[in-house]
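Here is the structure we will look at.
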Amino acid sequence: MATRKTCRMRPGGVLVRSSSALLASTFIGVWLAGPAFAQDGGATTLDRIVIEGASYETDDSNSYTTNLISVGEKDVMSVREIPQTTTVLTRERLDDGGYTSLDTALRDTPGIVVLNNDNGRSSLFSRGFEFDSLYFNGLSAPLSSVYGTQPDMAIVDHVEILHGPSGLFGGTGEPAGTINMRLKQAKRDFEARFDGAFGSWADKRGEIDITGPLNESGSVRGRFVGVLESEDGFVDTVTNGVGVAYGTIQADIGTNTTATLSISHQVRDITPFNGLPTAQDGTLLNLDRSTFTGADWNNFDNSVTDYIGEVEHKFDDGGHAKVSARYQVTDVDFMYAWANGYVASNGDIVSGGGDTSDSRWLARKYKSDALSVDAHVSKPFELFGQEHNVILGADYRNQDATLHQGAGTITVDQNIYNWQTNLPYPVVNYTVNTGTQTDQLGVYGQLRVKPIERLTLIGGGRLTWYGATTKNLATGAVTNKQSVNAHVTPYAGIVFDINNLLSAYSSYTEIFQPQSATDVSGNLLDPREGRQYEVGLKGEFFDGNVTTSLSYFNLRDNNRAISDPLNPGSSIAQGEVEVQGVELQAFGSPLPGLEVTAGYTYTYSQYLNAASAGETFSTYTPKHMLQLWAKYSFDDRFGALEGAFVGAGVSAFSSFSSVSQGVTIKAPGYATADVMAGYNINDNLKATLNVTNVFDQKYYSRVGGTSVFNFYGEPRAAKFRLSARF
């Protein structure tokens, strides 16, 4: 893929507080660009400088780094051009880690906190906040961990993560950031790949990936990916199965226009586990890691189907216009039981009232149709001897969801050391029956100006219209209604290229989230607003083979609903929390044969006001997180070792906790080590062995309440993979 080197935008932020000024700057930029677009009655064509070897796809890079990225933007550009911390998991890193679901990959990713659950159903956090959407090829769909909509990694070329608020092109959402997955693209040349894997806990997985031209010229090409996997898991009774079918067709329409249609269908069949209880005071229990506290009829089934259409035209000056849409259909049906209380000293499960407790169960039927549409134009222009860029666009999102829920208890005396799983199957009465519809329309613009060659100023703004309605499906009554009109989201950044290797940046970003709480007059509270300042350095070293970043961020979430001290039962939008910290990352190949990923994150969060002032806000987030991984591939200099490769890594986290109904549950910090070894048998065949938690460290990876959501990390496990590629 070719990129315009002269139009690189570096990260950073001029801290402009005036929203109207940012919006005005964008549209003034379009007006100023007019004379530059026309010359002697015709269009001015800017010279296009091609970076040899640059590719947005990582499928064939064999590298842990990439020099192109698009997350949080509408253009594909250098990592140094994006004014916030970014992280990329290339195809090579995904393969070497043996990652199959998004949450398994993110557990080893700098700056990300994964609250473990069944694979594909974990909660994902960054900078103290949970991600509430996922992107495919720049198009979003809602994310809720309980419904298991995270994709299998077999269909993904690479994962891009933007840390912190991303409201300019996102509108509403949590200030965690953006996770964008670039789906595998069809290729002009034929390739076929077959993978088989076998591992601990009866893990069996097969993948097929075939791509190539569909006509003689290669102007029409396709790709198919298929997956089947089943695994028992290290917890008794638990199983986790997944099936995936993905197909994409891409066609050239003329010389500069491409149309792409992709369909992905994924099903999960899980016997779920909701975690362990604690002692009454929140003390974590020392149990066998295989302990199961559910019923043998626990079940979770879902299907997620995505339809994506894209049409992109590339202009001769390096700009482009693109229209794309994503339609996601989700269908979930689950029912599972867990402990309904804490554990007494003799092992009995006890409710808060002191009586021997029952097992609790939850049943849901959930359906969702979600649509995301985006149309934008990106154009470079010349002014005062420098090349600048402007983006204008609009997007629309809609979701129609229905939820039917039932819950209850089963009368049974449970003991944590002798758990009864053969429970009677309850009669489900779906007492919660709701339908929710949300709509969001936005228009946005971004202007990038280079006053001098080394300096880039970035300004942008967005107007968002949002509406949500919740109905009782049994009565038809509207139970909640929200609306936000023309909400302004500003964006600003500045980047200075210190030299060819290093850039300094600063940025200011926002995002907002509507609230359902009301004040004493019954009016909806103003939306929460996440605002972040970030400063840092980004570098490209070793001939661009290693990318690095160092950043400091300060994020505040304002207008949070808190109880009105003068009017009990009502709320006021005066809560505020602060999350700040430092992130250090490095990815790539500093030496021939050596690939490295390294990251350290320090995070400090607190409530700034109200009754919780001074207390930790994100108790789940460790203050210190360290992730290191390195792989070395032996070449012909090593004689008989040529074709072999080895890898090793460490993940370390400081202590973390949760607070549930006034009880604090604390988990100590921990560190685990993973290793890998493999051999390229020939040009087409490769064997790999991964061993995770090689020292079999016993630790809690997540804590929740006194009856639920306390999970052990996985014991030592091994997986062998055989890959054939033609």
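Would you be able to say whether some residue in region 509-524 is in contact (Cβ under 8 Å) with a residue 24 or more places away in the chain, buried (at least 22 other Cβ atoms within 10 Å of the Cβ) and more than 22 Å from Glu576 (Cβ to Cβ)?
Within region 509-524, not a single residue is in contact (Cβ under 8 Å) with a residue 24 or more places away in the chain, buried (at least 22 other Cβ atoms within 10 Å of the Cβ) and more than 22 Å from Glu576 (Cβ to Cβ).
Within region 250-268, identify whether any single residue is over 22 Å from the mean Cα position of the chain (by Cα), among the β-branched types (Val, Ile, Thr), closer than 28 Å to Gly206 by Cβ and at pLDDT 95 or above, and answer yes or no.
The answer is yes; a qualifying residue exists.
Name the pairs: first residue in region 97-118 and closer than 18 Å to Trp629 by Cα and modelled with pLDDT of 95 or more, second residue assigned to a helix (DSSP H, G or I) and among the small types (Gly, Ala, Ser), Cβ to Cβ under 6 Å, at least 6 apart or on different chains?
Filtered contacts from region 97-118: Tyr99/Ala105.
What is the one condition in (1) among the polar types (S, T, N, Q); (2) open to solvent by less than 20 Å² (accessible area, probe 1.4 Å); (3) closer than 20 Å to Pro142 by Cβ that Thr172 does not satisfy?
Every listed condition holds for Thr172 apart from (2).
Quick grid of which residues meet (1) touching an Asp or Glu at 6+ places or on another chain (Cβ under 8 Å); (2) buried (at least 22 other Cβ atoms within 10 Å of the Cβ):
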{"site": "Phe129", "(1), (2)": "yes, yes"}
{"site": "Tyr135", "(1), (2)": "no, yes"}
{"site": "Leu139", "(1), (2)": "yes, yes"}
{"site": "Leu143", "(1), (2)": "yes, no"}
{"site": "Ile155", "(1), (2)": "no, yes"}
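Which members of region 86-101 meet the condition of being more than 27 Å from Val582 (Cβ to Cβ) and open to solvent by 10 Å² or more (accessible area, probe 1.4 Å)?
Hits for region 86-101 are Arg91, Glu92, Asp95, Gly98, Thr100.
Where residues in region 384-399 are touching a residue at least 24 places away in the same chain (Cβ under 8 Å) and among the small types (Gly, Ala, Ser), which of them is most open to solvent (accessible area, probe 1.4 Å)?
Ala394
Does Asp543 satisfy being modelled with pLDDT under 95, open to solvent by 20 Å² or more (accessible area, probe 1.4 Å) and touching a strand residue (DSSP E or B) at 6+ places or on another chain (Cβ under 7 Å)? Before the answer, list the steps.
On the way: modelled with pLDDT under 95: yes; open to solvent by 20 Å² or more (accessible area, probe 1.4 Å): yes; touching a strand residue (DSSP E or B) at 6+ places or on another chain (Cβ under 7 Å): no.
Criteria not met by Asp543.
Look through region 678-700, keep the residues that are open to solvent by less than 40 Å² (accessible area, probe 1.4 Å), in a strand (DSSP E or B) and not hydroxyl-bearing (Ser, Thr, Tyr), and return whichever of them is farthest from Phe645 (Cα to Cα).
If we take residues in region 678-700 being open to solvent by less than 40 Å² (accessible area, probe 1.4 Å), in a strand (DSSP E or B) and not hydroxyl-bearing (Ser, Thr, Tyr), then Val691 is farthest from Phe645 (Cα to Cα).
Please state which one of Thr438, Thr479, Thr421 is more than 30 Å from Glu73 (Cβ to Cβ), in a strand (DSSP E or B) and either open to solvent by 20 Å² or more (accessible area, probe 1.4 Å) or out of contact with any helix residue (DSSP H, G or I) (no Cβ under 8 Å at 6 or more places or on another chain) (or both).
Working: Thr438 fails: more than 30 Å from Glu73 (Cβ to Cβ); Thr421 fails: in a strand (DSSP E or B).
Being more than 30 Å from Glu73 (Cβ to Cβ), in a strand (DSSP E or B) and either open to solvent by 20 Å² or more (accessible area, probe 1.4 Å) or out of contact with any helix residue (DSSP H, G or I) (no Cβ under 8 Å at 6 or more places or on another chain) (or both) holds for just one of Thr438, Thr479, Thr421, which is Thr479.
May I ask you to list pairs of residues, at least six apart or on different chains, whose Cβ atoms are under 7 Å apart, with the first in region 569-582 being closer than 13 Å to Thr621 by Cβ and the second being of a type in the set (Ser, Thr, Tyr) and open to solvent by 20 Å² or more (accessible area, probe 1.4 Å)?
Correct list of pairs: Val577/Tyr607; Gln580/Tyr604; Gly581/Tyr602; Gly581/Tyr604.
Would you check which residues across region 701-726 are part of a loop (DSSP other than H, G, I, E, B) and of a type in the set (D, E, K, R) and list them? Can you show your working first?
Narrowing region 701-726 to residues part of a loop (DSSP other than H, G, I, E, B): 703-709, 713-716, 726.
Hits for region 701-726 are Glu714, Arg716.
Taking only pairs six or more apart or across chains, which ones have beta-carbon atoms under 7 Å, a first residue in region 217-229 that is among the polar types (S, T, N, Q), and a second residue that is surrounded by fewer than 16 Cβ atoms within 10 Å (Cβ to Cβ) and modelled with pLDDT of 95 or more?
Correct list of pairs: Ser219/Asp252.
Being under 22 Å from Tyr604 (Cβ atoms), among the β-branched types (Val, Ile, Thr), modelled with pLDDT of 95 or more and part of a strand (DSSP E or B), is that true of even one residue in region 161-177?
yes
Answer yes if at least one residue in region 287-310 is outside any loop (DSSP other than H, G, I, E, B), hydroxyl-bearing (Ser, Thr, Tyr), open to solvent by less than 30 Å² (accessible area, probe 1.4 Å) and at pLDDT below 95, and no otherwise.
no
Give me the pairs: first residue in region 449-468 and within 17 Å of Ile82 (Cα to Cα), second residue in a strand (DSSP E or B) and of a type in the set (S, T, N, Q), beta-carbon distance under 6 Å, and six or more apart or on different chains, which are they?
These pairs meet every condition: Lys450/Gln386; Lys450/Thr456; Gly460/Gln446.
Test each condition in (1) closer than 30 Å to Asn680 by Cα; (2) in contact (Cβ under 8 Å) with a residue 12 or more places away in the chain for Ala640 and report the one that comes out false.
(2)
The values are calculated or read from the model by the stated rules, or taken from the named source; none is laboratory data. If you're wondering where the values come from, they're calculated on a predicted model, not measured in any experiment. A quick note on method: Cβ atoms are made from the backbone with ideal geometry, for glycine too, and the neighbour counts reach across all protein chains shown. Surface accessibility is based on the protein's heavy atoms, side chains included, excluding ligands, DNA and RNA. Shrake-Rupley method; radii C 1.70, N 1.55, O 1.52, S 1.80 Å.
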